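A quick write-up on the structure given underneath.
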Amino acid sequence: MPSLAFDRERDLVAADTRLVLPSGEGFMCTLQPGDVLRIVDLEGNQAVDTLFFDADRPYDHYSAAKTIAAQGNIYLTTGSVLLTESGRPLVRIVEDTCGRHDTLGGACSAQSNTVRYGHDKVHMHNCRDTFMLQIAMHEPRLAKRDLAPNVNFFMNVPVTPDGGLEFADGISGPGRYVEMEAMSRVIVLMSNCPQLNNPCNAYNPTPVEIVIWRRGV
């Protein structure tokens, strides 16, 4: 499928949106076909939990199972096309300076923090709460039931020989980024992970930068 991307050079001066998203905060936007979104790991080894929805059919959300099956790989990188539950293309990764991104680890929640790190962690902020806050603020068509398994950009979650998952040290670094092009009208829901209990980020969650180039601007 040919790229929808416009011919304008994608430099930072030409970007239509640039913002720094601190750890623990969320972001939500709608991309039009051909718009390009870049997420920059400013300090390295941060995790950015992200969901995608068909903007015209919000119930048709990103499907990890469909995407993994279609590409024959559990990791995302340049060339990966993220699909909905119905098999519709949402975004294509057009550039990736990190190397690979997780599709299996899911988003941290009060419940998972308790299971993984202890009952005293139940009160700590988490990505699922951030998702819910963004939905409540910006998108009345979505609800808790729409929070499907998400992408974890920059996160390293290898599969062990016995089929388990490890939350391992990150493989990203300062300034590395992933860039994706919208293939349809897409809602992007993002949480810059606030996780303080996982050593993969040296117990120090950090900000990321979001850059958007709009095709029609």
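The values are calculated or read from the model by the stated rules, or taken from the named source; none is laboratory data. All of these numbers come straight from a predicted model, not from anything done at the bench. Side chains are part of the model used for accessible areas, which takes the heavy atoms of the whole protein and leaves out ligands, DNA and RNA. Shrake-Rupley method; radii C 1.70, N 1.55, O 1.52, S 1.80 Å.
A few remarks follow.
- Converting phi to 3J(HN,Hα) with the Karplus coefficients 6.51, -1.76 and 1.60 and the offset θ = phi - 60°, segment 55-65 yields 5, 8, 9, x, 5, 8, 9, 3, 10, 4, 4 Hz in sequence order, with x at every glycine or proline.
- Residues whose placed amide H lies under 5 Å from that of ASN150, excluding near-sequence neighbours: GLY106, ALA107
- Rounded to the nearest whole Hz, the Karplus-based 3J(HN,Hα) values (6.51 cos²θ - 1.76 cosθ + 1.60, θ = phi - 60°) of segment 173-189 follow the sequence x, x, x, 6, 8, 10, 10, 9, 10, 6, 9, 7, 6, 10, 8, 10, 10, with x at glycine and proline.
- On a per residue basis, segment 9-104 carries 39 Å² of accessible surface, using protein heavy atoms and a 1.4 Å probe.
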